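Here is the structure we will look at, set down as structure tokens.
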Amino acid sequence: VKDGSLIDAHGAGNHGGQIELSGHALTTIRGAVNPGSGGTLSIDPGTIIIASGSGNNSSAGGTETVTEDWVENELQGNFNLQLVASTSIKMDKLADNQLNGIASGDYGGSLLLGIGSLNNGVYVEGSGGSITFADTSNTIATYGGVKVDAGSTSGMVNIGNLSAANGD
């Protein structure tokens, strides 16, 4: 998705749809992706890095780097976000110590950090990988819920704080 481009999947009444961006080694998200309020955006490269701060998302050699600000904006837009990697997900040390997915007015989407794959937008749990925070004092806060799944048999999780305001 290039800078200046738009993928929009919302329907009547701005209700959300489903967008899956799957390219494993070739997915880079720089434009706007709008699944509509309550809709879901899913990406599934080999590795995902959540980088501190803002800037452009990037992709190289099967690793998709998304920025903290981009993830926050998606969640605060009331979009559900599925970040699914086949091997690992790593969140860099965040300068402000929090990935805040809760919009003012108390609403926002849910977040899935999962090791596995996507099949027509549906998360399929893999056998194992790793999900880590570079700084375990960092927090991910969402309104709609947080799910962390490092695999069915040999996954490794080393994360910090998770907060779901709506209790899902």
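A few notes on this one:
- Conditions (1) of a type outside the set (Val, Ile, Thr); (2) over 26 Å from residue 128 (Cα atoms); (3) open to solvent by 10 Å² or more (accessible area, probe 1.4 Å): number failed by residue 101: (3)
- Leading residue by the ranking (surrounded by the fewest Cβ atoms within 10 Å (Cβ to Cβ)) among those in the range 154-168 that are aliphatic (A, V, I, L, M) and part of a loop (DSSP other than H, G, I, E, B): 165
- Hits in the range 108-152 - residues which are of a type in the set (Ser, Thr, Tyr), out of contact with any Asp or Glu (no Cβ under 7 Å at 6 or more places or on another chain), in contact (Cβ under 8 Å) with a residue 60 or more places away in the chain and open to solvent by 20 Å² or more (accessible area, probe 1.4 Å): 123
- In the range 139-153, the condition of being at pLDDT below 95, over 15 Å from the mean Cα position of the chain (by Cα), assigned to a loop (DSSP other than H, G, I, E, B) and among the polar types (S, T, N, Q) is met by at least one residue.
- Residue, farthest from residue 153 (Cα to Cα), within the range 87-99, restricted to residues that are assigned to a loop (DSSP other than H, G, I, E, B) and of a type outside the set (A, V, I, L, M): 96
- Within the range 52-77, residues that are closer than 16 Å to residue 138 by Cβ sit with their Cβ atoms under 7 Å from residues that are of a type in the set (Asp, Glu), at 6+ positions apart or across chains, in these pairs: 52/68; 52/92; 53/68; 53/69.
The values are calculated or read from the model by the stated rules, or taken from the named source; none is laboratory data. Remember, it's a predicted structure, so these values are computed and weren't measured experimentally. Note that each Cβ is placed from the backbone with ideal geometry, even for glycine, and that neighbours are counted across all protein chains shown. Accessible surface is based on the protein model in full, side chains and every heavy atom, while ligands, DNA and RNA are left aside. Shrake-Rupley method; radii C 1.70, N 1.55, O 1.52, S 1.80 Å.
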